[in-house]
Amino acid sequence: MFTLEPDRLPVTLLTGFLGAGKTTLLNHLLRAPSMAGAAVIVNEFGDIGLDHDLIEAASETVTLMRSGCLCCTIRGDLAAAMAGLWRRRAAGEIAFDRVVIETTGLADPGPIQQTLLSEPRIAGAFSLEAVVTVADAAAGPATLDRHFEAVSQIAVADRLVITKGDLVTAVRLSAFEARLAAINPAATILRADRGRIDPSAVTGPGLRAATGPSLVFPTVSLAAGLPPLSAFAARAPTAALLPQARGSHDARISSVATAFDAPVHPAIFELWFETLAALAAPNILRLKAIVALEGEAAPIVLHGVQHVLHPPERLKRWPSADRRSRIVVIARDMPDGLLADSVAYLQSRPALAAS
């Protein structure tokens with residue numbers, strides 16, 4: 001089970017397609033006093049490393065990995081690199097208070113997130129704070145058309161940083177921003193001025209920082225009036241029957257973002273979550289939710305990354321005055337309307353009988 005330790009070091013995952021401006025952005029971030037204690041892990045594609053020479057940080061805090069895309073076999077290397085950093089820190093050889101991982105432009109960040117969240121060697125020492133994806137306003141539209149990896153990088157981000165906005169017209173910039181928002185309605189969209197941006201805008205804790213004990217659902221018997229999930233199950237994708245989307249890569253991405261006032265009955269929520277995890281987890285790129293349950297003063301929070309939907313966790317308190325439930329699910333290759341129907345089911349009000 002995934003739980004949070006208060007002394008874990010925050011990790012920022014910096015991703016974006018080739019040439020988007022990740023290294024330029026990272027150099028500007030590392031010049032800020034608040035980032036002076038950052039350790040940097042750089043992934044490069046190929047056998048000859050270069051990006052690590054372009055990053056302006058103390059050499060002993062830069063770990064270079066050259067084994068290729070992080071989405072493949074390098075997952076083991078990432079865990080080893082982070083474990084090595086932790087050991088050197090514990091031994092007093094180096095000092096750092098956060099980690100920034102810059103991925104190769106060809107990497108799918110989903111498996112990297114899984115490693116950070118579930119790899120036993122590092123999950124207890126490090127906490128994934130945010131996924132920051134850099135998007136090039138000049139070449140970005142064409143890149144999204146040609147490379148599904150770029151679309152995936154946008155879809156899993158917590159924060160999107162648009163670069164090279166000075167190279168396009170205001171109309172094109174606004175259109176690109178709208179396209180990003182359509183792919184990932186949950187992400188915060190920021191604009192960098194020639195790579196410069198306030199570090200506090202791209203770092204900082206999210207909902208995970210406020211989480212408390214893992215949630216244990218009460219035992220409840222469901223009455224016969226519970227609406228069936230048979231339609232949802234019948235249309236869920238399987239490994240052998242994934243729909244083949246045509247045209248723009250954007251069309252392979254579907255999302256639902258909703259907010260509602262009425263609290264959810266715990267049994268309804270549990271059934272919804274377990275069904276989603278069982279039938280659609282392989283296709284979910286990102287799940288973020290804060291949900292008010294009946295009879296509970298504090299909400300629960302959900303986080304999911306490709307193939308991994310973590311157990312619900314209870315927040316210590318509501319993070320703001322907004323007490324509505326808010327759910328965002330971003331997935332790929334899903335039947336039309338499936339996500340919206342599943343969330344609508346979550347808001348159903350069947351008769352329930354306590355056991």
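The values are calculated or read from the model by the stated rules, or taken from the named source; none is laboratory data. All figures in this text were calculated on a predicted structure; none of them were measured in a lab. FYI the Cβ positions are ideal-geometry reconstructions off the backbone, even for glycines, and counts take in every protein chain you see.
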Where in the range 1-109 are the strands (runs of 3 or more DSSP E), entirely inside, with at least 3 residues that are at pLDDT 85 or above?
9-16, 98-102
Ala297 fails exactly one of the following numbered conditions: (1) out of contact with any Leu (no Cβ under 8 Å at 6 or more places or on another chain); (2) assigned to a loop (DSSP other than H, G, I, E, B); (3) within 19 Å of Gly110 (Cα to Cα). What is the number of that condition?
(3)
Among the residues listed as Leu276, Leu241, Leu271, the single one being within 22 Å of the chain's Cα centre (by Cα) and either at pLDDT below 75 or not assigned by the TED database to the domain that holds Ser127 (or both):
Leu276
